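Structure, as structure tokens:
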Amino acid sequence: MTNPCLSVVMPAYDEEATILEAIEEVLASPWVAEVVVVDDCSNDRTAELLTTVDDARVRVLHHAVNQGKGAALRTGFAAVSHEFVIVQDADLEYDAAEYGTLLAPLLDGRADVVYGSRFAGGESHRVLFFWHSVGNKLLTLASNMVTNLNLTDMETCYKAFRTEVLRRVEIEEDRFGFEPEITAKLARLGVRFYEVGISYDGRTYEEGKKIGWRDGVWAFVCIARYGIVRRFTDRAPSPRP
């Protein structure tokens with residue numbers, strides 16, 4: 001029988017079209033023990049819709065001002081209480097039915113961190129933006145060069161962690177710089193990384209996609225900052241209190 005051992009952290013900003021369905025899909029997973037939704041000061045009906053969720057496993061936290069995905073994750077990570085944590089966006093691009101695949105290397109003791117790769121394995125993918133895929137691969141290459149990892153998808157949303165490992169890292173980035181930051185800091189800790197192939201149903205900007213080219217440029221800055229500069233200025237990533 002599946003043991004509910006997973007905390008899901010779901011950052012949400014202006015996701016009224018998908019937020020309730022996303023929560024429903026997450027709660028359908030037999031692995032899920034709690035869902036921490038962080039509403040990042042949405043301008044639409046996201047916060048209102050979250051008041052209709054009636055499930056004891058769901059906790060809703062609110063930011064008084066919009067801060068970004070990284071800040072929402074920082075808030076959510078501080079609130080989790082179970083053995084494993086996974087990041088789940090509220091936009092239905094990623095399939096919560098694949099939690100078991102992500103958890104497998106953690107449950108059997110092989111891994112401390114598991115990334116769900118959109119570019120590894122034979123799972124289905126919606127075909128969208130060529131230049132986004134090029135940008136993702138360049139960012140992953142740059143990240144691998146400074147971390148000495150061989151990831152295929154550093155920018156993936158699906159990142160699963162042992163909670164005890166995640167607590168050793170201080171998240172500083174407020175926006176999408178979270179992805180290269182957490183990768184670099186965990187690599188410096190020497191934790192065990194695994195990747196598994198996942199499906200991906202990406203959305204267009206008309207459908208609500210938010211990340212843009214400026215975030216891509218900043219991700220390169222974060223790769224240099226946390227992967228190179230901090231190596232010489234810090235002894236190790238600062239642990240959370």
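The values are calculated or read from the model by the stated rules, or taken from the named source; none is laboratory data. Every value quoted in this text rests on a predicted model; they were computed, and no experiment measured them. Please note: Cβ atoms are built from the backbone with ideal geometry, for glycine as well, and neighbour counts cover all protein chains shown.
A few notes on this one:
- Single match in Arg59, Arg118 (criterion: free of Cβ contacts under 8 Å to residues at least 40 places away in the same chain, among the basic types (Lys, Arg) and surrounded by 16 or more Cβ atoms within 10 Å (Cβ to Cβ)): Arg59
- Total residues in region 99-126, condition modelled with pLDDT under 90 and not in a loop (DSSP other than H, G, I, E, B): 1
- Hits in region 149-167 (condition: farther than 17 Å from Ser7 by Cα and either out of contact with any strand residue (DSSP E or B) (no Cβ under 7 Å at 6 or more places or on another chain) or hydroxyl-bearing (Ser, Thr, Tyr) (or both)): Asn150, Thr152, Met154, Glu155, Thr156
- Any chance Val53 is at pLDDT 95 or above, crowded, with 17+ Cβ neighbours inside 10 Å and outside any loop (DSSP other than H, G, I, E, B): no
- Assessment of region 149-162 against the conditions (surrounded by fewer than 21 Cβ atoms within 10 Å (Cβ to Cβ), of a type in the set (A, V, I, L, M) and not in a loop (DSSP other than H, G, I, E, B)) yields no matching residue.
- Any hit, region 7-21, residues being more than 28 Å from Ala219 (Cβ to Cβ), assigned to a loop (DSSP other than H, G, I, E, B) and out of contact with any His (no Cβ under 7 Å at 6 or more places or on another chain): no
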